[in-house]
Amino acid sequence: MGLSNRVNSNESKDFFNFLLVPILPLSQSQSTPKDPFKVDLKALCAVLLAVSLGALDTAIANTALPTIGADLGAPAAESIWIINAYQLSIVASLLPLAALGDLWGPRRVFLGGLAVFTVFSLACALSNSLGVLALCRCAQGLGAAGIMSVNLALIKLLFPAERLGRGVGLNALVVGISFTLGPTMASLLLLVGPWQWLFAINVPLGLMAFCFALPALPARTKGTGQNHKFDPWTAVLTALTFGCFIYVLSAASQRVGLLALLPIAAVSFIAFWGLLLRQNGHPAPMLPVDLLSRPMFALSALTSVASFVAQGLAFVALPFYFENTLHRDPVETGFLITAWPLVVAIAAPIAGRLSDRYPAGILGGVGLSLMSVGFITLVFLPSEPSVFDIVWRLMLCGIGFGGFQSPNLKAILSSAPANRSGGASGVVAMGRLIGQTIGAALVALCLGLAGASLSGPVWAMGLGAIFSGLAACASFARLYVKKTELI
């Protein structure tokens, strides 16, 4: 069945194409040179391949952490820095790089980030000690931040407004598939080779993405540049604010003493206060308070953070629940949890297509309400559940999360001015990281207060239902904001 060049809402749609074809049209025979709906496939492949590398690297490193630590002779408490160095580097540099994306254009920041990520992936593979590996992971995180800070800004450049929902849906699909395949890929690679292969595999894939991106990525749109300069002191304050904040949350989840954390928390607070003072009156602040003054953007960002807190609660607590409470083995636990991201990968592009027709407030609110109901069903899981009892509950959560994600991404991008796409993209990535870190810290609190065998994971699922419900309320509130804006 041929695909039409123009979308006519009165025409019936082929159901297969509606679900599975995110871009209309792609072939030269079905488009004209001036077709506004044509998407550059090389540029799109470059963006999605780079995004998948960042997502895969996180999932793969988490899975292989015990193996890497044992091979390097590092204690478990110290080997966690293989993960922390990567995350802290991303959090500290994300907003400064997003600001550079607004100044220089997302193309330059993306290419630079991809190059750094690829080079230091090779350095990670060649590392022979924990200290060297942690430093290389820190640099690798800087490259990943360059990709993550502008990938949605590039999606916005590649897709016209009428197709933006499909673009962000495709982006969410790739992230979902990457997180789903990450643990399995790590296990398979460790079966046939050493852990160094987990990082070395990024090199040919990164080079491939760079070859696609260099000739195809669009330059900054005319008229979207900024008439101000990059402020390095603001970048330092931003890095200190969020880097110290995430460190305190991560360290608190590992039960580091309060006295040891207070000075770092104080640095984060002082840096945040200085950041607000320094950015006062700035036309495009690095911490995008100007965007947060827009009700639609602020509610969409709040929806994102609350939903990722819920997701972080689930993905940290569920292994404890399945293994300690239900006595499932680790392999079975991995397969069970895969049901969630697998359904997200299916639901996200469908929701992206729907977001081109229906308000994000409705789609996100309904999706997050389903997610909250899914958490409630997990709280009341039978004491001896079957695989089906577990999987359908996780799938309900996954459908809800996938149904919210693409419309919410589109709402964030659409509610920001064209010259602030980099800042909006940075807010999306920062919201995800902060939400997941808060979720992990709350799980640690629940396990510390109620134990890891029964009540702790159940409390975490209950908090997941609460945060999903709060996110749903924030999403529905956007319907009122939109009506008042139209008046």
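What number of residues within the range 101-119 are surrounded by fewer than 24 Cβ atoms within 10 Å (Cβ to Cβ) and assigned to a helix (DSSP H, G or I)?
Within the range 101-119, residues that are surrounded by fewer than 24 Cβ atoms within 10 Å (Cβ to Cβ) and assigned to a helix (DSSP H, G or I) number 10.
Check 226, 254, 279 and return the single one that is closer than 19 Å to residue 153 by Cβ, modelled with pLDDT under 90 and either in contact with a helix residue (DSSP H, G or I) (Cβ under 9 Å, 6 or more places away or on another chain) or surrounded by 16 or more Cβ atoms within 10 Å (Cβ to Cβ) (or both).
Only one candidate passes the filter, namely 226.
Restricting the search to the range 453-465, which residues are surrounded by fewer than 19 Cβ atoms within 10 Å (Cβ to Cβ) and touching a residue at least 40 places away in the same chain (Cβ under 8 Å)?
Passing the criteria: 453, 454, 458, 462.
Kindly indicate whether residue 471 is modelled with pLDDT under 80, among the small types (Gly, Ala, Ser) and within 19 Å of the chain's Cα centre (by Cα).
The answer is no for residue 471.
Select from the range 325-343 the residues that are touching a Phe, Trp or Tyr at 6+ places or on another chain (Cβ under 8 Å) and at pLDDT 85 or above and list them in ascending order.
Selection gives 340 alone.
Quick one: which residue in 54, 73, 69 is modelled with pLDDT of 80 or more and farther than 29 Å from residue 113 by Cβ?
73
Counting only residues that are of a type in the set (Lys, Arg), give me the helices (runs of 4 or more DSSP H) lying completely in the range 283-394 with at least 1 of them.
Filter on the range 283-394 gives 330-355.
Take the residues in the range 408-428 that are farther than 23 Å from residue 365 by Cβ and of a type in the set (Ser, Thr, Tyr); name whichever of them is modelled with the lowest pLDDT.
Taking the candidates together, the pick is 421.
Give the number of residues within the range 194-208 that are hydrophobic (A, V, I, L, M, F, W, C) and either not assigned by TED's automatic domain parsing to the domain that holds residue 56 or not in a helix (DSSP H, G or I) (or both).
Number satisfying all stated conditions: 2.
Given the conditions (1) more than 19 Å from residue 151 (Cα to Cα); (2) modelled with pLDDT under 90; (3) part of a helix (DSSP H, G or I), report the number of the one that residue 91 does not fulfil.
With (1) more than 19 Å from residue 151 (Cα to Cα); (2) modelled with pLDDT under 90; (3) part of a helix (DSSP H, G or I) applied to residue 91, the lone miss is (1).
From the list 127, 187, which residue is outside the structural domain of residue 404 (by TED's automatic domain parsing), among the polar types (S, T, N, Q) and assigned to a helix (DSSP H, G or I)?
None of the others qualify; the one that does is 187.
Tell me, which residue of the range 257-276 that is touching a residue at least 12 places away in the same chain (Cβ under 8 Å) and under 23 Å from residue 423 (Cα atoms) is surrounded by the most Cβ atoms within 10 Å (Cβ to Cβ)?
Here the residue is 275.
A quick yes/no check of all residues on (1) modelled with pLDDT of 80 or more; (2) not aliphatic (A, V, I, L, M):
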residue: 157; (1), (2): yes, no
residue: 165; (1), (2): no, yes
residue: 173; (1), (2): no, no
residue: 200; (1), (2): yes, no
residue: 206; (1), (2): yes, yes
residue: 210; (1), (2): yes, yes
residue: 218; (1), (2): yes, yes
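Please work out which residue is farthest from residue 479 (Cα to Cα), limiting yourself to the range 385-429 and to residues that are touching a residue at least 60 places away in the same chain (Cβ under 8 Å) and surrounded by fewer than 21 Cβ atoms within 10 Å (Cβ to Cβ).
419
Which of the residues belonging to the range 318-371 are small (Gly, Ala, Ser) and surrounded by fewer than 23 Cβ atoms within 10 Å (Cβ to Cβ)?
334, 339, 345, 369
Can we say residue 7 is surrounded by fewer than 15 Cβ atoms within 10 Å (Cβ to Cβ) and either farther than 24 Å from residue 174 by Cβ or modelled with pLDDT under 85 (or both)?
For residue 7, the condition - surrounded by fewer than 15 Cβ atoms within 10 Å (Cβ to Cβ) and either farther than 24 Å from residue 174 by Cβ or modelled with pLDDT under 85 (or both) - is met.
Only one of these is under 27 Å from residue 447 (Cα atoms) and either touching a Pro at 6+ places or on another chain (Cβ under 8 Å) or among the small types (Gly, Ala, Ser) (or both): 403, 365, 312, 352. Name it.
So the residue among 403, 365, 312, 352 that is under 27 Å from residue 447 (Cα atoms) and either touching a Pro at 6+ places or on another chain (Cβ under 8 Å) or among the small types (Gly, Ala, Ser) (or both) is 312.
The values are calculated or read from the model by the stated rules, or taken from the named source; none is laboratory data. What you see is a predicted model, and the numbers here were worked out from it, not measured in a lab. So basically every Cβ, Gly included, is an ideal-geometry build from the backbone, and we count neighbours across all protein chains shown.
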